């Protein structure tokens with residue numbers, strides 16, 4: 001497990017926006033009053049969506065809101081790698097470096113990130129991008145995979161990743177999924193087995209008489 005610490009430089013204060021607070025109240029209301037601390041993870045996620053990362057003042061604000069010790073909120077923030085403990089770029093890239101992705105080109109994807117952004121956890125000079133290497137993201141069949149913001153981008157090559165980053169730099173939307181046009185995890189070129197319609201249309205079904213049961217009228 002990696003060591004995760006709060007950023008050395010912290011903002012002076014944190015405040016929930018009205019929109020975020022509305023969602024916070026919705027989450028807190030899902031739990032009994034004496035169990036509202038159970039909402040700490042979704043509330044921390046809302047904070048990250050608002051600010052881009054989770055700062056120490058935000059952790060203090062969550063602790064006060066949920067009436068729990070600050071150290072308990074800090075434990076959650078430092079345990080889950082989904083929470084950023086330092087500022088990130090407008091678009092954060094998580095490059096999977098586990099064996100299947102590594103064997104299918106993840107090193108080349110990391111080279112793109114290093115060249116265009118900098119070393120791991122760096123933020124690009126224009127503030128648009130940051131990146132980190134992560135362990136298995138659970139999409140090994142579609143390796144190599146990079147999670148950009150909230151979505152997976154699969155079957156990537158260095159050139160395909162460059163194209164995605166170019167579009168984001170121009171402010172264009174990008175579509176998640178396979179860079180090679182595969183549907184979910186199907187074989188390239190479409191399915192090649194279980195394609196006979198008779199397997200599904202019922203034409204092969206036949207009536208089976210079970211011993212001891214009367215004939216059907």
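A Cβ distance below 7 Å, combined with a sequence gap of six or more or placement on separate chains, defines the contacts here; from the stretch 168-179, residues that are free of Cβ contacts under 8 Å to residues at least 40 places away in the same chain reach no residue that is surrounded by fewer than 10 Cβ atoms within 10 Å (Cβ to Cβ). Of the residues making up the stretch 1-46, those that are over 17 Å from residue 63 (Cβ atoms), surrounded by 10 or more Cβ atoms within 10 Å (Cβ to Cβ) and at pLDDT below 95 are 4, 7.
Of all residues assigned to the stretch 192-207, none qualifies as being surrounded by 10 or more Cβ atoms within 10 Å (Cβ to Cβ), touching a strand residue (DSSP E or B) at 6+ places or on another chain (Cβ under 7 Å) and part of a loop (DSSP other than H, G, I, E, B). Listed here are the helices (runs of 4 or more DSSP H) enclosed by the stretch 32-120 that have at least 1 residues being over 29 Å from residue 13 (Cβ atoms): 99-103, 106-116.
The values are calculated or read from the model by the stated rules, or taken from the named source; none is laboratory data. Note that the structure is predicted; figures quoted are calculated from it, not measured. Note: ideal-geometry Cβ built from the backbone for every residue, glycine included; neighbour counts use all protein chains shown.
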